[in-house]
Amino acid sequence: MGRPYRVVWASGDSGGGPKLAERAIAFRAPLLGGGEVDVATWIGHRPFVLVFWASWCGPCRAEAPHLAKLYERYGDRVAFLSVSIDEAGDRAAVDEAVRELGIPYPVALDPDGAVMARYAAGASIPLSFVFDATGAARFRHHNFQPGDERALAAAVSAVAGAAGGAQEATERAREVNSGSASRR
C-alpha cells in the first residue's frame, strides 16, 4: 500500500538550500505562559504542526491567521506548537504578537535558536513542519508567501484524516469488543 501523503518541498529545499528535518526531533522548551512542552510525548502517538517564527517577521505574521484557522478545524486531532525564536529580552514582544495575531495554541520559547537549528540550520522563518503520528515529516517549508497556505492546509488535513481514521477504528474496535456494536 502506498503512502497516503505527499511530502511537499518548498523554498530552498533543493540544491544548496538548508537541510530540513525529515523526522520529528524530540525537545523540551519553556512555554510563553509558563510550564514546559515535551514534543517527545507526541512522536509516535499524535500528528503535529511545528512552526518556528518571530514577532518581528512579516511572513510569520502573514502565516499566523492560516495556522489559527487550521488549529480551529483540526486541533482536536492534530497538536500545534509555535516556537518563537525572539531573543530572551523580547518576551513582551512575543506576548503582544501572540495576542495581536490571535495565536490559539501553545507558544514555546527558543531564544538562542538551538531547537530551530536542530530542525533546519540556516533556514528562513517562518519554518513550518507537519508531522504524522509516526514523526515523519509530511510537509516542510520555510519563508511563507501568499498561496503557500493551500499546501499547508492539505498536509494538515491529510494527517488529521489519518489520525481521525485511526481514532474511529479504535472506537469501533472498542464497541465490538464490548458487545455494544450493532449487529448487521
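Quick one: plug the Kirkwood hydrodynamic radius of region 15-103 (C-alpha pairs) into Stokes-Einstein at 20 °C, 1.002 mPa s, and report D in µm²/s.
Working: Rh = 14.4 Å.
This corresponds to a translational diffusion coefficient of 149 µm²/s.
Within region 98-145, report the trypsin sites (Lys or Arg not before Pro) that DSSP leaves as loop and that have at most 15 other Cβ atoms within 10 Å. Let's see the in-between values first.
Working: sites: R99, R118, R138, R140; in loops: none.
For trypsin sites (Lys or Arg not before Pro) across region 98-145 that sit outside H, G, I, E and B with at most 15 neighbouring Cβ atoms in 10 Å, the list is empty.
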Discussion item. I'd like the accessible area for R77: 1.4 Å probe, protein heavy atoms, all chains in place, Å² to the nearest 10.
Written reply: 70
Worksheet, complete the sentence: Between E72 and Q145, the two model label points (7 Å from Cα along the beta-carbon direction) sit apart by a distance in nm of 2.8
Response to the item:
Of 103-110, 34-41, ordering from highest average Cβ density within 10 Å down gives 103-110, 34-41
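The values are calculated or read from the model by the stated rules, or taken from the named source; none is laboratory data. Because the structure is a prediction, the values reported are computed rather than measured. Neighbour counts run over all protein chains shown; Cβ positions are idealised from the backbone, glycine included. For accessibility, only protein heavy atoms count, side chains too; no ligands or nucleic acids. Shrake-Rupley method; radii C 1.70, N 1.55, O 1.52, S 1.80 Å.
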